[in-house]
Amino acid sequence: MELCFHCGEECQDETILYSEKTFCCSGCKTVFEILNSNDLTYYYDLEKTPGISPKIREGKYDYLQNKEIIEKLLEFDHGNTQIVSFDIPSIHCSSCIWILENLHKLHKGIKSSQVDFPKKKIRLSFSSEEISLKDLVLLLSRIGYEPNISLDHYEEKESDVDRSLIYKLGVAGFAFGNIMFLSFPEYFEINEFWLDQFKHLFRWLMFSFSLPVVFYSGRDYFTSAYKGLRSGILNIDVPIALGILVLFLRSTAEIVLDLGTGFYDSLSGLVFFLLLGKFFQQKTYSFLSFERDYKSYFPIAVTRVSTEAGKITEEQIQVYKIQKGDRIIIRNEELIPMDAILIKGNASIDYSFVTGEAEPVEKVSGDKLFSGGRQQGGIIEIEALKPVKQSYLTQLWSDEVFSKDKNSAFQNLTNQISKRFTYAVLGIAILSAIFWMFYDASKAWNVFTAVLIIACPCAIALAAPFTLGNMLRIFGKNHLYLKDTNIIEQTANIDTVVFDKTGTITANDKSKIEYEGLELTEEEKNLLGGSLRASNHPLSRSLYNILDKNNISTPEDFTEHTGLGLETSYRDLNLKIGSSTFMNRSEILVPERPAEKKNEKTSVHISSNNQYKGCFSFHNSYREGLSELFKELSVDRQLIILSGDNDGERERLSRLVPEGTKMYFDQKPGDKLRFIKDLQKQGNKIMMVGDGLNDAGALAQSDVGIVISEDINVFSPACDGILDAKRFRDLGSFFKLSERSIKVIKLSFLLSLCYNLIGLAFAVSGNLMPVVAAILMPLSSISIVIFTTLATQFLSKKLKN
Amino acid sequence: MSIIYLLLAISVIVAIIFFIAFIVSVKKGQYDDVYTPSVRMLFDDELVKPDSENKQPLNKVKSE
């Protein structure tokens, strides 16, 4: 099969030859033409088949003519210059950067454009006199870079990026380098006249460098320790803050009283390494959003129809302005933003966002439609029952689980250990101080502070951020994107995995279709192809896609019965295609089918000249490696399938999954949420694996919520992690790796404990020299970082194949 | 040897200048996107010339 020159997809339905190149659709050809006529074919030299085949719908962006909406979207608007930023999910290679930054060659109204590749964003400056916002968006869509404009963009303006950690790290690093430099002569205690002369100056310089380190860079540790203490928790920041404080006070006391150089180098080094650990942990997948709610999927505006004095007017209004009773027009592939009643048109609503049910539901006028459904087919007119904010789907987000912060409740390993650690350190410090009080009272104070300094759990605090931060990166490379490092620790504790069915363990678009019955003749097949092509029904379309299309005869007579089927004829052949009720109504006997088959929810029956021929049955097709994955996971975990679908697939599914896997069907979004809650009450640690908005509540409630997504850029509700559907099979390995990372952390704890014990030996015996601290503290930090990095790299070798 | 005061002052001032430059560059967002500029600089500024062989047919089409 030929590959499209523009997008690289297989040319399935038709192959367009143009300029000695093949294209899969006219959209791709158009893009090529546009680029070619503007001398922009360098696009294709940068990467092979870099394009995305464009899909634009008529009237989709009409709302961009509404002044109010334009105003909200524009970042800057004055005179001849307008600036706007768009999310463009289809940015994927360097060709995309090139073409998007050369947009000014496509239209003279565009002044400049800049792409932010990691965030998949473009910032455009244009002149609205020469190109309107709508035309700009249409231009982008036409060349295959359709921007994603949703309700989310309407509500919030870009917030400032939090860069305080980088500043703090910069300050600490700057001070660390300079202090090391200034304290170098005194490490060797050289009795040299000039160095002796200047050492006071050096010391006071070190002191002034350390001030911003303690009071700016290290500030977070003090506040965190204070907050922890106030709520009665001894977190890891308590001993750290204590260490920093004692280091600073003792060093200052030393230079004021002219006793020694102090430990400013260790102090700044400690803070620098700690912040480095935080920075490492702070890996963000900026092009993904883990906090999505319905707003990311809802349109900004809809078309309202109003009749005034017999005249019908259509206008684009902001979605929040819809009132009860407004008439709205929904086009093909558009989302219904509020609960409504169908007035006109053939509705075929795909509720897969909401219920997980994959097959579209037919509705006739007068039926109630719920928000979140997607219209498939022609234009429909609906009447709003409730404003957007009160509709069924948006109500789900008012549940308390969405406002609760999961992580605050989770006690991580570092904090568990630090509790005992703090007690031990304080104990040793006090005991040794008491001992020295009797033995040599002059040294007691020194020993007390020395113990607190050397025992500062810098290495322990570094172990987890570096191990987990590195693991996060490795997972990311393997297409599992986690929100933060705590998720890895949580994953290691999971004992129950709950799967959603549709879209999660079944592949989204690929229904398997089987034919059963008498074989169709060549003529019948040709007419079937022709009739299906003429039909807009989603089932017809998916059936049409799998049929052989050698010859197609265009039906001479074609009638579509809404919600039932098609009647079509060509010469003396008459075909009826549709549901079994449709067959029964035409008094065609549908043969009795075995119970197991009957349950399959979707089948298309065919009769020819009033003779029953057979039926096409649609199965869900399950993801590859499903059985193996379930077998692997079921060894030490409980598995549950929680589906919004009916139980038509129960039998087939139970043959695929190991025995003892519990299955629950017909679960509404609220049921799923409650189900998870009940399991948690029994003390289970739960991972929820889901995909749609219908799982959003369960995902938020569970300890770890993972979303399976075919296209990670486009769709995923609020969750803790996003897994590329292609890597579904590897879920088991991700579990294993999480468990092993916890082992790595524990080993590093052991390693850092050794350092602390050696250091303590020096400290307790009253021999802690600045040079000992200066060697031991960075050494322990650096070796922990090296150890965890190497260990995680070694562990992840298994994944990279 | 009191020159060391001057040298010290200079070295600290230089260090602080670099530090301020760092803070300013972070503030201006230079480190927000560290990938795209690295790709951007590899693009050739000039447009494709019709000299290479595989681009000949494209230009023929254009003139049609």
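The values are calculated or read from the model by the stated rules, or taken from the named source; none is laboratory data. The shown structure was predicted, so the numbers you read here are calculated from the model rather than taken from an experiment. Backbone-built Cβ (ideal geometry, glycine too); neighbour counts: all protein chains shown. For the accessible areas, the whole protein counts, side chains as well, though only heavy atoms, and no ligand, DNA or RNA atoms are used. Shrake-Rupley method; radii C 1.70, N 1.55, O 1.52, S 1.80 Å.
The Kirkwood hydrodynamic radius of the stretch A:411-476, based on inverse pair distances between different Cα atoms, is 13.8 Å. Dipole orientation for the protein assembly as shown: of the candidates A:428, A:65, A:775, A:428 has the Cα lying most toward the positive pole (charges on Cβ; Lys, Arg +1; Asp, Glu -1).
Multiplying the residue separation of residue A:739 and residue A:107 by 0.36 nm and subtracting their alpha-carbon distance yields 222.1 nm. Expressed as a fraction of 2.2 N^0.38 Å, the value expected for a compact globular protein of N residues, the C-alpha radius of gyration of the stretch A:426-563 is 2.50.
For the pairs A:111/B:28; A:321/A:344; A:72/A:121; A:120/A:743; A:613/A:726; A:283/A:726, flag any whose C-alpha to C-alpha distance is greater than 27 Å. Pairs exceeding 27 Å: A:120/A:743; A:613/A:726.
Per-residue shielding of B:30-41, expressed as the average number of other chain Cβ atoms within 10 Å of the residue Cβ, stands at 5.
Which three semi-axes in whole Å describe the equivalent ellipsoid of the stretch A:309-350, each the square root of 5 times a Cα gyration tensor eigenvalue, listed largest first? The partial results should precede the final answer.
Details: eigenvalues 67, 40, 23 Å².
Semi-axis lengths for the stretch A:309-350 are 18, 14, 11 Å.
Phi angles of the stretch A:610-621 translate, via the Karplus equation with coefficients 6.51, -1.76, 1.60 and θ = phi - 60°, into HN-Hα couplings of 6, 10, 5, 9, x, 9, 9, 10, 9, 10, 6, 9 Hz per residue; Gly and Pro are given as x. Using a 1.4 Å probe over protein heavy atoms, the accessible area lost on pairing B with A, summed over both chains, comes to approximately 3100 Å².
Database remark: amide H of residue A:478 closer than 5 angstrom to no amide H (H placed geometrically; neighbours at sequence offset of 5 or more, or on other chains; Pro and chain starts carry no H). Working note: Karplus 6.51/-1.76/1.60 with θ = phi - 60° gives the stretch A:76-82 the couplings 8, 8, 8, x, 9, 10, 10 Hz, where Gly and Pro are set to x. The value obtained for the stretch A:468-532, namely the Cα convex hull volume divided by the number of residues, is 165 Å³ per residue. Charges were assigned to the Cβ only: +1 to each Lys and Arg, -1 to each Asp and Glu. The resulting dipole of the protein assembly as shown about its Cα centre is roughly 2320 debye.
Taking only DSSP H segments of four or more residues, each worth -39500 (n - 2.57), what value at 222 nm results for chain A once the sum is divided by all its residues, to the nearest 500 deg cm²/dmol? Show your work: numbers first, answer last.
Values: 27 runs with 345 residues, N = 801.
Per the formula, -13500 deg cm²/dmol.
Near the amide H of residue A:705, within less than 5 Å, lie the amide hydrogens of A:688, A:720, A:721, all on another chain or at least 5 residues away, with H placed in the peptide plane. Using a probe of 1.4 angstrom and keeping all protein chains present, the accessible surface of chain A works out to 45 square angstrom per residue. Note on residue A:430 and residue A:652: the extension gain reaches 73.2 nm, defined as 0.36 nm multiplied by sequence separation minus the Cα-Cα distance.
Using the Karplus relation 6.51 cos²θ - 1.76 cosθ + 1.60 with θ = phi - 60°, the per-residue 3J(HN,Hα) values for the stretch A:719-732 come to 6, 9, x, 10, 10, 5, 4, 5, 9, 3, 4, 7, 3, x Hz, with x marking Gly and Pro.
At 1.4 Å probe size, with the rest of the protein present, what percent of the exposed accessible area of the protein assembly as shown is carbon and sulfur atoms? Intermediate values should be presented prior to the final figure.
Details: 22340 of 40970 Å².
It is 55 percent, rounded to a whole number.
P(r) for the stretch A:684-801, from all Cα pairs and a bin width of 5 Å, is 2, 10, 14, 13, 12, 11, 10, 8, 7, 6, 5, 2, 1 %, short bins first. For chain A, the relative contact order is 11 percent, taking Cα pairs closer than 8 Å that sit 6 or more residues apart in sequence and dividing their mean separation by the residue count.
For the stretch A:21-179, a crude dipole built from +1 on the beta carbon of Lys and Arg and -1 on the beta carbon of Asp and Glu, taken about the Cα centre, is about 460 debye to the nearest 20. By DSSP, the beta bridges lying fully in the protein assembly as shown are antiparallel in about 80 percent of cases.
Calculated FRET efficiency, residue A:306 and residue A:390, Cβ-Cβ r, R0 25 Å, to nearest 0.05?
Details: r = 21 Å, r/R0 = 0.86.
Calculated value: 0.70.
Compute the accessible area of each residue in the stretch A:97-126 twice, once for its chain alone and once with every protein chain present, using a 1.4 Å probe on heavy atoms, and list those whose area falls by at least 10 Å². The answer is A:97, A:98, A:101, A:105, A:114, A:115, A:116, A:117, A:118, A:119.
Which semi-axis lengths, in whole Å and largest first, follow from the square roots of five times the eigenvalues of the Cα gyration tensor of the protein assembly as shown? Can you show the working numbers first?
Details: eigenvalues 767, 237, 121 Å².
Value: 62, 34, 25 Å, ordered largest first.
If R0 equals 56 Å, the separation of the Cβ atoms of residue A:438 and residue A:184 corresponds to a calculated FRET efficiency of about 0.90.
Quote to one decimal, in nm, the extra length available between residue A:34 and residue A:514 on full extension: 0.36 nm per residue of separation minus the C-alpha distance between them. Mind showing how you got there, number by number?
Details: separation 480, 0.36 × 480 = 172.80 nm, distance 4.21 nm.
So the chain would gain 168.6 nm between residue A:34 and residue A:514.
Largest first and in whole Å, the equivalent-ellipsoid semi-axes of the stretch A:1-105 read 30, 17, 12, each the square root of five times a Cα gyration tensor eigenvalue. Considering only A:214, A:454, A:38, the residue lying farthest towards the positive end of the dipole of the protein assembly as shown is A:454, judged by Cα position with unit charges set on Cβ. Going from the isolated chain to the complete set of protein chains, the stretch A:24-50 loses at least 20 Å² of heavy-atom accessible area (1.4 Å probe) at A:36, A:37, A:39, A:41, A:42, A:45.
Debye-formula intensities of the stretch A:653-722, expressed as log10 I(q)/I(0) at q = 0.27 Å⁻¹, are -1.18 (one equal scatterer per alpha-carbon, no solvent).
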